[in-house]
Structures are given as structure tokens and as C-alpha cells.
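Asker: Have a look at this one before I ask anything.
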Amino acid sequence: SAVISQKPSRDICQRGTSLTIQCQVDSQVTMMFWYRQQPGQSLTLIATANQGSEATYESGFVIDKFPISRPNLTFSTLTVSNMSPEDSSIYLCSVEIAGGRDTQYFGPGTRLTVL
Amino acid sequence: RKEVEQDPGPFNVPEGATVAFNCTYSNSASQSFFWYRQDCRKEPKLLMSVYSSGNEDGRFTAQLNRASQYISLLIRDSKLSDSATYLCVVADYKLSFGAGTTVTVRA
């Protein structure tokens, strides 16, 4: 497995502002992902964070709203831009270990509340 | 139709009981299958992978039925600490998560 940390663990933000969430892994990983889990719902994949190239976004998610950086194999950021109350959610990063047969390990999540 | 569907429960069972629940998936080309456990306000944690032949890990048994496109999880001798939401996860090019089945084990 891998040890994954996220910062901040939680935040309360005003609408119209942006928040950048950081994800740090204790080892180099090829695949990193960002998910959203809205209250009472399951996880939805936002995008795959690609090292050295633009992230790959899932349907319904766009780069302008959720810009992602992946400067190296141990770190990624997700920005939630121009926030509205509908963006209130838990945001989780995950990693897939090489040879892990699709198994993903999750960070502790960032609980975001937008007022 | 959702990619992964689960009975949300809750399943309320006494300690020591056996509880079992299923999940169905829509993509017949799915390659990998998992059960994750999520405790309240925590991240999902891998419970076990699910193999075609079925597999067991202690008190937990997972089964895969490709023909009918469902996965099952059985928990024997339930403990209070088994209380959680169990997420069914199916992988093709990405992971698709079910909404979870809530299990509450009571003393």
C-alpha cells in the first residue's frame, strides 16, 4: 500500500472563491486520481492526474472548474474554482500501485463546505 | 441504469450473526472487482479483491458471478467493529463505485 496525506483536511469557504487541495504520497506512483463524494452518495471520479501532461477528466468535469497539477510522481493538487454551495463535498485523492491490479488506496479526504 | 447498484440497507444484525449482500454491475467487460469498507467520515479502505473462483479472508467471503454480473460479500460471526458502509467497486478503465450497503452490528 502507500501512505497518502491530504491538506487541508477540511475548510469552509465563501462562494466565488477557490481552494487548492494537496495530495502527497510517500512513494512514487504512476497513477493518481481525484474523486468527489457528495453527502450521502458514493465516490465519483473527477479526473486522472497525469504526470507531465494535462489531466484526463471524466464526463461532467472540466479543467476550468477543477484544474489539476501533477508536477512529479508523489504529489498532485486539485483546485476547486469559483466555488458554489453545490461544490460542498469530500474530495479524495487516490493512488494505484504498480502491479496492484487496479487496486487503489485513498487519502483521508478534504471536507469542503461552501457557504 | 447505474454502473454499480447495491442494496443500501441498513442491515441491522446482532453480534455473531451472518450477514450477506450483493451488488450488480452493468458492464460485462469489467475486469476487476473489489469490496471497500468506509467508516463514517473516513476514506474508503480496501477490504478485499474479488476473484472469479471466489475468495475468503478470515470471516469475509466474496463471490463473483460473471454470468449474472453480480458480486456478493458474506460476513460470518459479525463483530461490533464490522459496522460500516461496504462499497462494491468494479473496474474497467476506471473504478466505478456503488453507493454502499450499510451494516450495523448490535451488541
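Asker: Starting at the first residue of region B:93-98, write each ³J(HN,Hα) from the Karplus equation 6.51 cos²θ - 1.76 cosθ + 1.60 with θ = phi - 60°, in whole Hz, x for Gly and Pro.
Answerer: 8, 8, 8, 10, 9, x
Asker: Place a point 7 Å from the Cα of residue B:93 along the Cα-to-Cβ direction; which residues of region B:27-54 have their backbone N under 16 Å from it?
Answerer: B:27-32
Asker: Could you list the GluC sites (Glu not before Pro) in chain B that lie in coil according to DSSP, counting only those with at most 16 other Cβ atoms within 10 Å of their Cβ?
Answerer: B:3, B:15
Asker: Would you mind calculating the gained length between residue B:51 and residue B:28 on full extension (0.36 nm times residue separation, minus the Cα-Cα distance), in nm to one decimal?
Answerer: Fully extending the segment from residue B:51 to residue B:28 adds 6.8 nm.
Asker: Provide the FRET efficiency to the nearest 0.05 for the residue A:101-residue A:79 pair, computing r from the beta carbons and using R0 = 30 Å.
Answerer: Computed FRET efficiency for residue A:101 and residue A:79: 0.45.
Asker: Residues in region A:17-35 near a label at residue A:50, defined as backbone nitrogen under 15 Å from the 7 Å Cα→Cβ point?
Answerer: A:30-34
Asker: Which value, in square angstrom to the nearest 100, describes the accessible area buried between chains A and B on both sides, using a 1.4 angstrom probe?
Answerer: 1500 Å²
Asker: Explain nothing, just compute: Karplus ³J(HN,Hα) = 6.51 cos²θ - 1.76 cosθ + 1.60, θ = phi - 60°, for every residue of region B:102-107 in order, whole Hz, x for Gly and Pro.
Answerer: Calculated HN-Hα couplings, in order: 8, 10, 10, 9, 10, 6 Hz.
Asker: In whole Hz, what ³J(HN,Hα) sequence does region A:47-55 give by Karplus (6.51, -1.76, 1.60; θ = phi - 60°), x for Gly and Pro?
Answerer: Calculated HN-Hα couplings, in order: 6, 9, 8, 9, 6, x, 8, 5, 5 Hz.
Asker: Would you mind giving the mean number of other chain beta-carbons within 10 Å of the Cβ of each residue in B:95-103, as a whole number?
Answerer: The mean count of partner-chain Cβ atoms within 10 Å per residue comes to 3.
Asker: In this model, which of B:2/B:45; A:7/B:94; A:7/B:42 are farther than 19 Å apart at the alpha-carbon?
Answerer: B:2/B:45; A:7/B:94
Asker: Determine the shielding of peptide B:36-43 by partner chains: average, over its residues, the number of Cβ atoms on other chains within 10 angstrom of each Cβ.
Answerer: For peptide B:36-43, the averaged partner shielding equals 4.
Asker: Looking only at A:15, A:36, A:70, which one moves most when chain A is put into a Gaussian network model with springs between Cα atoms under 10 Å?
Answerer: Of A:15, A:36, A:70, the most mobile in the Gaussian network model is A:15.
Asker: What is the percent carbon and sulfur in the accessible area of chain B, measuring with a 1.4 Å probe over the protein chains and ignoring ligands?
Answerer: 47 percent
The values are calculated or read from the model by the stated rules, or taken from the named source; none is laboratory data. These figures come from a predicted structure and were not determined experimentally. A quick note on method: Cβ atoms are made from the backbone with ideal geometry, for glycine too, and the neighbour counts reach across all protein chains shown. All accessible areas refer to the heavy atoms of the entire protein, side chains included, with ligands and DNA or RNA removed. Shrake-Rupley method; radii C 1.70, N 1.55, O 1.52, S 1.80 Å.
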